[in-house]
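Notes to accompany the following structure.
The values are calculated or read from the model by the stated rules, or taken from the named source; none is laboratory data. Model, not experiment: these values are computed from the prediction. Using ideal geometry, Cβ is built from the backbone for each residue, glycine included, and neighbour counts are taken over all protein chains shown.
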Amino acid sequence: MRALTQRQQEILDFVRRTQQSQGVSPSLRDIAAHFGFKSMNAAVAHVQALRHKGALSSQSKRARSLRIVSPLRHLAKPIVEIPLYGTIAAGLAEDRQQEAKGCISVDIESLGIRPTARTFALEVKGDSMIGKHILEGDCVVLEHGRTPRSGDVVAALIDNESTLKTFIQEKSKMYLRAENPRYSKLIPAEELVIQGVMIALIRKCK
């Protein structure tokens, strides 16, 4: 990464603090307001400079899609900050709201993924997915908006309760399967909403 100016480093630090405290990146308007810029053009120019120097990445035309990218000094591999939300039940489905817990740093080359603005992570709670080597305390990295295929591990809302299970589709019938014989499969009585498809696993995120 090329050397940053003092202002660029301050903006990068502001992006990191916002991601860690709020679970999302600041908008260009947030950056302009925080640093007292008179116009959005100044914020745009600084962000473009940070992207050019390899410190930030973002998706075109997507708000709050800034990602911090920094090289691992000893491996020279890119690191990306991914929003980490609350726990996801890998056991019985549970009725609860997910809360942002900050971000996790991910070596995208080692994991073989390309995070987007829709990529997020959840901490696993429970033992219903041990057959897929997903253990309590692990972090699952998921992509929101991806169409699941039968056999994919998904974070799902089934009849208003959240859970992590294997998605199964047999003809027109869809259900969720646990990867532990102690748990029964989950068949939706009314609704099954896929919140994210798992694209990577991080062992023991704590």
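Of the numbered conditions (1) under 16 Å from SER105 (Cα atoms); (2) of a type outside the set (Phe, Trp, Tyr); (3) at pLDDT 85 or above, ARG7 satisfies every one except a single condition; which is it?
Against the list (1) under 16 Å from SER105 (Cα atoms); (2) of a type outside the set (Phe, Trp, Tyr); (3) at pLDDT 85 or above, ARG7 comes up short only on (1).
Could you run through region 109-126 and say how many residues are part of a strand (DSSP E or B) and among the hydrophobic types (A, V, I, L, M, F, W, C)?
The total comes to 4.
Failed condition for VAL106, given (1) modelled with pLDDT under 90; (2) assigned to a loop (DSSP other than H, G, I, E, B), with all others met?
All conditions pass for VAL106, except number (2).
Consider LYS53 carefully, then state whether it is of a type in the set (D, E, K, R), exposed (fewer than 15 other Cβ atoms within 10 Å of the Cβ) and either assigned by TED's automatic domain parsing to the domain that holds MET129 or at pLDDT 75 or above (or both). I'd like the intermediate steps shown before the answer.
Details: of a type in the set (D, E, K, R): yes; exposed (fewer than 15 other Cβ atoms within 10 Å of the Cβ): no; either assigned by TED's automatic domain parsing to the domain that holds MET129 or at pLDDT 75 or above (or both): yes.
No.
List pairs: first residue in region 124-146 and free of Cβ contacts under 8 Å to residues at least 40 places away in the same chain, second residue outside any loop (DSSP other than H, G, I, E, B) and surrounded by fewer than 22 Cβ atoms within 10 Å (Cβ to Cβ) anywhere in the structure, Cβ distance under 6 angstrom, at least six positions apart or on different chains.
LYS125/THR87; LYS125/ALA89; GLY126/ALA89
Go through (1) surrounded by fewer than 17 Cβ atoms within 10 Å (Cβ to Cβ); (2) at pLDDT 80 or above; (3) closer than 30 Å to GLU179 by Cα for LEU84 and report which single condition fails.
Against the list (1) surrounded by fewer than 17 Cβ atoms within 10 Å (Cβ to Cβ); (2) at pLDDT 80 or above; (3) closer than 30 Å to GLU179 by Cα, LEU84 comes up short only on (1).
Quick check on this structure: which one of THR147, THR163 is β-branched (Val, Ile, Thr) and out of contact with any strand residue (DSSP E or B) (no Cβ under 7 Å at 6 or more places or on another chain)?
Working: THR163 fails: out of contact with any strand residue (DSSP E or B) (no Cβ under 7 Å at 6 or more places or on another chain).
It is THR147.
Which of (1) of a type in the set (S, T, N, Q); (2) closer than 22 Å to ARG114 by Cβ; (3) surrounded by 13 or more Cβ atoms within 10 Å (Cβ to Cβ) does THR163 not meet, given it meets every other one?
(2)
Does region 180-198 contain any residue that is charged (D, E, K, R) and surrounded by 13 or more Cβ atoms within 10 Å (Cβ to Cβ)?
Initially, region 180-198 is screened for residues charged (D, E, K, R), giving 182, 185, 190-191.
Subset that is surrounded by 13 or more Cβ atoms within 10 Å (Cβ to Cβ): none.
The answer is no, given that none of the residues of region 180-198 is charged (D, E, K, R) and surrounded by 13 or more Cβ atoms within 10 Å (Cβ to Cβ).
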